[in-house]
1. Over the chain, what is the relative contact order in whole percent, taking alpha-carbon pairs under 8 Å and six or more residues apart?
2. Starting from the Cα gyration tensor of the range 29-102, take the square roots of the eigenvalues, sort them a ≥ b ≥ c, and report rounded, prolate or oblate (rounded when a/c is under 1.5, otherwise prolate if a/b is larger than b/c, else oblate).
3. Which of the helices in the chain meet the span-like rule: DSSP H, Cα axial reach of 15 Å or more, Kyte-Doolittle mean at least 0.5?
4. Rank by packing, highest mean first: peptides 182-192, 39-49, 140-150, with packing defined as the count of other Cβ atoms within 10 Å averaged across residues.
5. Can you classify the chain as rounded, prolate or oblate using the Cα gyration tensor, where a ≥ b ≥ c are the square roots of its eigenvalues, rounded means a/c under 1.5, and otherwise it's prolate if a/b beats b/c and oblate if not?
6. Among 81-92, 242-253, what's the highest-first ranking by average C-beta atoms within 10 angstrom per residue?
7. If each DSSP helix of 4+ residues adds -39,500 (n - 2.57) and the sum is divided by the residues in the chain, what number results at 222 nm, nearest 500 deg cm²/dmol?
8. Using Cα pairs closer than 8 Å and at least 6 residues apart in sequence, work out the relative contact order for the range 97-147, in percent.
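Read the figures in this text as sums done on the coordinates, not as results from a lab. Since this is a predicted model, take the numbers as computed values, not measurements. Note: ideal-geometry Cβ built from the backbone for every residue, glycine included; neighbour counts use all protein chains shown.
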Amino acid sequence: MKNLTILTSLLLILLVASSCEYQKLLKSSDYERKLDQAILYYGEGKLSKALTLFEQIEPIYKGAEKGEDVLYYIAQSNYSMKDYITAGYYFRRFATTYPNSDRSEEASFMSAYCFYLDAPKPSLDQETTHRAIDEFQLFVGRYPNSDKLAEANVLIDKLRERLEEKYYINSKLYFDIGSYKAATIAFNNNLKQYPDSKYREESLFYIVKSNYLYAINSVTRKMPERLKATQEAYKKINKEFPESQFNKELNRMMKDTDKRMSKL
């Protein structure tokens, strides 16, 4: 127990001394020493300390030979700390500032990848998703022979699927709140933008249903035109998906649509 107490005390002394040394280093104007210590901290996984020092000396080395290393370490430190937006900014800055660097291709890919990692789930705002796609497209255009090309294209497809799902959710929301005309427009626009959407069958179904509900809740003089739009929408889904999972409800709606049309 006595030995354990002594060991604990020694560790505490070392921690205090290390903290004091770090505080002195922060106030120091010995930039070479700061750089060396920052790299050491980075290697030891003390990322917060390393990043603080790198950020302090980054303006000093800007434009100098070691500035490339400093900027790269800042980007990597933020990435390792899972601050992907900040990391993406610094990777993009690195690729722009040092386009001829051996690490420029990696930085360009990582810039896009950081935005990919930060992209939210489909129900949330997709600004970051759009940014990630833009960054990957820049990478693909700049490095068409990169070993990362296939991965970049796969990630672009995943991001587009996320946007596709987002737009489907938004369109369905119009339907759910009873805004049937807006729902019809939204679903049609989505299918124009994503003709091979995995939500195509569902979208075509909701176009029929939105038209149908919009029609039967219309004033009499406008009902024929809107019922006809329902029939046209049905023809489209029936042609593409003759064995649709929604056939039971579609047939019910069309039976009622035809009955109303005959009366009108």
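1. In percent, rounded to a whole number, it is 8.
2. Details: a/c = 1.93, a/b = 1.09, b/c = 1.76.
Oblate, because a/c is 1.5 or more while a/b does not exceed b/c.
3. In the chain, the long hydrophobic H runs are 2-27.
4. 182-192, 39-49, 140-150
5. Working: a/c = 4.13, a/b = 2.74, b/c = 1.51.
It comes out prolate by the Cα gyration axes.
6. So the order, starting with the most tightly packed, is 81-92, 242-253.
7. Helices in the chain give a 222 nm mean residue ellipticity of -26500 deg cm²/dmol.
8. It rounds to 36 percent for the range 97-147.
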